[in-house]
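Q: Pasting a structure here, questions to come.
Bear in mind these aren't lab numbers, they're just calculated from the coordinates by the rules spelled out. What you see is a predicted model; the values in this text were computed from it and never measured. All Cβ positions, glycine included, derive from the backbone under ideal geometry; neighbour counts span all protein chains shown.
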């Protein structure tokens, strides 16, 4: 009986460790997707604002003596 209990405990430990590794992998993928989305938003915002900033600096530069 002790051998069966030891086998069950070992199997549960191995399955638990495997599940924990898979969760870490899924979490890493989720964070990667969030970072990619944040980067896309930043690139889009900078692209939209970039022209206006250039125009503002050009105006300021032309007004300097």
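Q: Between residue 44 and residue 18, what is the label-to-label distance in nm when each label sits 7 Å out along the Cα-to-Cβ direction?
A: Here the modelled spin labels are 4.0 nm apart.
Q: Here is a follow-up. If R₀ is 25 angstrom, what is the calculated FRET efficiency for the pair residue 61 and residue 33, using the beta carbon separation as r and rounding to 0.05?
A: Working: r = 41 Å, r/R0 = 1.63.
Efficiency computed from Cβ-Cβ geometry: 0.05.
Q: Quick one: grab the alpha carbon gyration tensor of segment 25-65, order the square roots of its eigenvalues as a ≥ b ≥ c, and give me rounded if a/c is under 1.5, else prolate or oblate depending on whether a/b is larger than b/c.
A: Numbers: a/c = 10.71, a/b = 5.13, b/c = 2.09.
Prolate.
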